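Heads up: the structure comes next, in C-alpha cells.
The values are calculated or read from the model by the stated rules, or taken from the named source; none is laboratory data. From a predicted model like this one, the values you see are computed outputs, not experimental measurements. Glycine gets a Cβ as well: all are built from the backbone with ideal geometry, and neighbour counts include every protein chain shown.
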Amino acid sequence: MEDQELTQEIKPPTNTKGAARWLKDNLFDTWYNAILTCLALVCLFFALKGFLTWAFTEAEWDVIPANFRLFMVGSYPQEQIWRVWNAIYILSALMGLSAGLWGGLVFRFAVALSGVWFISALLPVELSTRGWCLGAIAMIAVSFFLGRGRTGLRPWILGGWILSFPVIMVVLRGFGENGVLTSNWGGLLLTLILAVVGIVVSFPLGVFLALCRQSDLPAIRWVSTTYIETVRGVPLITILFMGNVLIPIFMPGLDINQVLRMMFGITFFSAAYMAENVRGGLQGIPRGQHEAAQAVGLNYVQTTLFIVLPQALRSVIPAIVGQFIALFKDTSLVAIIGLIDLLGVARSIINNPDWLGLQAEVYLFAAVIYFIFCYAMSYASQDVETGLGIGHI
Amino acid sequence: MRKYLFQTAALVLAILFVTPLVANSQESILEKIKERGRLICGVNKELPGFGYLSQDGTWKGFDVDYGRAIAAAVLGDPKKVEFRPLKAADRFPALQTGEIDVLIRNTTWTLTRDTDLGADFAPPTFYDGQGFMLRKDLGITSLKELAGATIGVTAGSTTELNLADTTRALGIEVEPVVFEETETLYQSYDQGRCDVVTSDKSQLLSRRQSLKNPDDHIILDVTISKEPLGPVTVHGDNKWNDVVSWVVYATFFAEEHGITQTNVNTFDTENPEIKRFLGASGDIGAKLGLPKDWARQAIAAVGNYGEIFDRNLTPLGLPRGVNKPWTQGGLLYAIPFR
C-alpha cells in the first residue's frame with residue numbers, strides 16, 4: 001500500500017522551459033503586463049521602422065568605406081602608414097604572448113582582435129592592407145603558441161607592455177622632419193593614444209594623490225586637496241583651452257607640442273577624479289587593518305602596498321573603470337582646439353564638398369566605434385571583478 | 001649659503017622665462033621658418049572649397065593652396081607646411097602667441113582686427129560679400145520683404161553683426177536664429193527651421209548644392225557687406241608680412257601675364273619685369289630675404305590665381321565675379337615687381 005503510494009507516477013510540470021514559457025513568465029504574466037508588452041512592441045515597431053527604412057534605403061553608407069583611412073589615422077601620410085602597422089604588430093605580438101601566458105580575458109581579446117583583422121581583410125580594401133591584416137593575425141597566432149605554457153616569461157612580458165609605449169610613440173613619430181609630425185596624427189589613432197596615455201598615467205597619479213590627501217602631514221594633505229578641488233571645479237574644456245592658449249602666452253618661444261599639451265591636460269584632469277574614487281575605497285578600509293599590519297611589523301609603505309591598496313582598489317573597480325570610460329569619450333574634446341581625433345575627422349568629413357549632408361551616417365559610425373571601445377573596457381572590468389570574486393557574497 | 005638658495009632659484013627661473021621673450025622679439029618669423037624648415041599655417045578645416053581635409057588625408061582648398069605657395073616661395077618645397085585647423089574664435093590668439101606663422105582662414109579684413117587685434121593683413125585673395133539664401137516659393141525678392149522672417153546665422157562672426165546693422169538701417173524686425181556650427185545651420189535651414197539663411201555668398205553658393213533640392217532655393221541679388229578675405233600675419237613683423245603679401249601679388253601677376261603652373265619653368269620672354277619676376281635677372285628675391293626663384297617656385301607649386309580658383313572654387317559653382325584681374329574689370333591688381 002505504502003509502496004504503491006511512493007511509486008505513484010507524478011507527471012512532470014509541463015512547459016517550464018522554452019521560449020513560450022519564458023514569454024509567459026516575463027512578458028504576459030498578468031493582463032496589465034500583457035497590455036504594456038503590446039504597447040511597447042508597437043512603439044518599438046514604429047521607432048525601428050523609421051530607422052531601418054532610413055538605414056537600408058536612404059542612408060548613403062559609401063561615405064564610410066571611402067573615408068575609412070581618414071577615420072582610422074586622419075591625415076597620417078600614406079607613404080608612412082607602415083609606421084602604424086609596425087606599432088600594431090608590436091602590440092599584436094605582446095597580445096599573442098600574453099594570451100598564451102595568461103589565457104582567459106586576454107585570450108578572448110586576442111581572438112576578437114584577430115576577428116577584426118580577418119573581417120578587415122575581407123572588406124574591399126587595397127591588396128597591401130589585406131597583407132598587413134593577415135600578417136597581424138599571423139603575428140598574434142605565432143606569438144600565442146610561443147608564449148603558451150612558459151610562465152617564466154610573465155615578468156618579461158609585463159615589462160614589454162610598459163616598454164612598448166615609448167617604443168610605439170617613437171615608431172609613430174619617427175625622427176625630425178622625415179618622420180610624421182604629431183599634427184598629422186589623427187582619427188582613431190589619436191583618440192587611442194590620448195586615451196591610453198590618460199588612463200595609464202592618471203591611474204598611478206590618482207592613487208598617489210588619494211594617499212597624499214589621507215596623509216598625516218598637513219602640508220602634503222593641503223597641497224593634494226587644493227589640487228583635487230581646483231581641478232574638479234573646472235570643466236575639462238577649460239583646462240584644454242588653457243593648455244592651448246595660455247601656455248604660449250606665458251612661455252613664448254617654448255614650443256610644446258600640441259598633442260603633448262592635450263595629454264597633460266587630460267591626464268591631470270582625470271587624476272583628480274581618480275584620486276577621489278580611490279579615496280572612497282581607502283575610507284572603506286577598517287582601522288583594524290592598519291593596526292594589524294603595524295602589529296606584524298610592516299612599515300607605512302608595506303602597509304599601503306600590501307594591505308590597504310589591494311583591498312581599497314578592489315572595491316572601487318567599477319568607479320575607476322567608469323572614469324576610464326568617461327576619459328575615453330572626453331578625448332573628443334580635443335577636436336575643439338584643432339586636433340583631428342575620431343570626432344574631428346567625422347566633422348571634417350561632413351564638410352568635405354564630396355560628402356556634404358551625410359551627418360547621420362558619419363556620426364553613427366563614429367558612435368559605433370566609441371561604443372565598441374567603451375564596451376570592451378566595461379566587459380574587461382566585469383571579467384576582472386568576477387575573477388576577484390567581487391559581488392559574490 | 002642656504003639663505004641665498006631661494007633667491008638664486010628665483011633668478012634662474014626668471015632668466016629662463018625672460019630669455020625666450022627677448023629672443024622672440026628680435027627674430028623675424030621668416031628666419032624662424034627657415035630654421036625650422038617648415039611653415040605653420042592656420043586654416044579652416046570645415047569650409048568646402050577654402051580649407052578641408054580630403055579623403056586621402058591631405059589638406060585641400062583655396063586657402064590651403066596659398067599656404068603651400070608661401071612654403072614653396074620660402075623653403076622651395078610646397079610640402080614643407082604644417083596645417084593647423086582653427087576655429088574662428090581661436091585664430092587670432094593662435095596668431096598672436098606665435099603658434100602659427102600665418103593665418104589663411106577666410107578671415108575678413110576690418111579696421112578693428114587690423115588695429116586692436118594685433119594683426120597685419122596681406123592683400124585680399126578673395127573678395128566676398130554677405131548675401132541671403134531663401135526658398136524660391138516664398139516669393140521674396142528684396143530685403144524689405146524679409147520683415148518678420150526667421151534668419152539663420154552662425155555665431156561669433158561678422159555676419160551676425162552685419163545682419164543686425166542692415167535690419168536696423170532698413171527699419172525692419174527679423175528674428176535671428178544663431179547656430180554654433182555651419183553644418184547645423186544649413187541642415188536646419190533645409191529642414192525648414194528658419195526661412196532664410198545669411199552668410200558670405202561664396203558659402204551660400206557652395207552649400208546650396210548640398211541641400212535636398214538645390215533648385216528650390218535662390219540667393220538674393222543683394223550684398224549687404226564687403227568681406228575681403230586674405231592671409232594675416234602678426235602685427236609688427238613687417239619683413240614676414242612683405243613675404244606673404246608678395247607671394248599673393250605673385251599669383252595675381254602670373255595670371256595677368258599668362259604664366260601658369262605648366263609653363264612657368266619654360267616661360268620664354270624678353271619682358272624685363274617678367275624676367276625679374278622669374279628670377280632670371282635682378283635681385284627682388286634677395287630684397288625679400290628669399291631665394292632668387294621664389295616666385296617661380298610658388299607658381300610651380302600651385303599655379304597662378306586663376307588656376308587656384310579653378311581648382312578649388314569653380315567646381316563648387318562659384319563665379320569669378322570681382323575676383324578677376326584688373327585688366328578684365330576685376331579687383332586683383334599686382335603691384336609692380338621692380
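Tabulated values for the structure
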quantity	calculated
Residue in region B:169-185 that is part of a helix (DSSP H, G or I), free of Cβ contacts under 8 Å to residues at least 12 places away in the same chain, under 25 Å from B:GLY61 (Cα atoms) and outside the structural domain of B:PRO319 (by TED's automatic domain parsing) present	yes
Count - residues of region B:108-138 that are under 18 Å from B:ASP242 (Cα atoms), of a type outside the set (Gly, Ala, Ser) and outside any helix (DSSP H, G or I)	6
Condition check for B:PRO214: under 16 Å from the mean Cα position of the chain (by Cα) and surrounded by fewer than 20 Cβ atoms within 10 Å (Cβ to Cβ)	no
Test for B:THR269: is it closer than 26 Å to B:TYR52 by Cα, part of a loop (DSSP other than H, G, I, E, B) and either touching a Ser or Thr at 6+ places or on another chain (Cβ under 7 Å) or not charged (D, E, K, R) (or both)	no
Residue under evaluation B:GLN191, criteria (1) of a type outside the set (A, V, I, L, M, F, W, C); (2) more than 29 Å from A:GLN258 (Cβ to Cβ); (3) touching a residue at least 12 places away in the same chain (Cβ under 8 Å), criterion not met	(3)
Selected residue [within 14 Å of another protein chain (Cβ to nearest Cβ), of a type outside the set (Val, Ile, Thr) and closer than 30 Å to B:VAL74 by Cβ] from B:SER202, B:SER245, B:SER210	B:SER202
Residue that is farthest from the other protein chains (Cβ to nearest Cβ), among those in region B:22-59 that are surrounded by 20 or more Cβ atoms within 10 Å (Cβ to Cβ) and among the aliphatic types (A, V, I, L, M)	B:LEU30
Any hit, region B:60-74, residues being in a helix (DSSP H, G or I) and either facing another protein chain (nearest Cβ under 9 Å) or without any contact (Cβ under 8 Å) to a residue 24 or more places away in the chain (or both)	no
Candidate set: region B:81-93, residues that are buried (at least 17 other Cβ atoms within 10 Å of the Cβ) and more than 8 Å from every other protein chain (Cβ to nearest Cβ); chosen: the one farthest from B:THR159 (Cα to Cα)	B:VAL81
Pairs where the first residue, in region B:226-243, is free of Cβ contacts under 8 Å to residues at least 60 places away in the same chain and the second is surrounded by fewer than 22 Cβ atoms within 10 Å (Cβ to Cβ) and hydrophobic (A, V, I, L, M, F, W, C), C-beta under 8 Å, 6+ apart	B:ASP242/B:LEU288
The one condition in (1) surrounded by 18 or more Cβ atoms within 10 Å (Cβ to Cβ); (2) more than 14 Å from every other protein chain (Cβ to nearest Cβ) that A:VAL259 fails to fulfil	(2)
Residue among B:ALA254, B:ALA280, B:ALA250 that is of a type in the set (Gly, Ala, Ser) and modelled with pLDDT under 95	B:ALA280
Top-ranked residue in region A:57-97 [being touching a Phe, Trp or Tyr at 6+ places or on another chain (Cβ under 6 Å) and within 14 Å of chain B (Cβ to nearest Cβ); ranked as farthest from A:ARG108 (Cα to Cα)]	A:VAL63
Subset of region B:168-184 that is under 29 Å from the mean Cα position of the chain (by Cα) and away from every other protein chain (no Cβ under 12 Å) - its residue that is surrounded by the most Cβ atoms within 10 Å (Cβ to Cβ)	B:PHE179
Matching option when the condition is on the phi < 0 side of the Ramachandran plot, modelled with pLDDT of 90 or more and surrounded by 16 or more Cβ atoms within 10 Å (Cβ to Cβ), among A:GLY281, A:GLY288	A:GLY281
Selection status of B:VAL244, buried (at least 23 other Cβ atoms within 10 Å of the Cβ) and of a type outside the set (Gly, Ala, Ser)	yes
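Quick grid of which residues meet (1) touching a helix residue (DSSP H, G or I) at 6+ places or on another chain (Cβ under 9 Å); (2) hydrophobic (A, V, I, L, M, F, W, C); (3) away from chain B (no Cβ under 14 Å):
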| position | (1), (2), (3) |
| --- | --- |
| A:ILE325 | yes, yes, yes |
| A:THR331 | yes, no, yes |
| A:ASP341 | yes, no, no |
| A:MET377 | yes, yes, yes |
| A:ALA380 | yes, yes, yes |
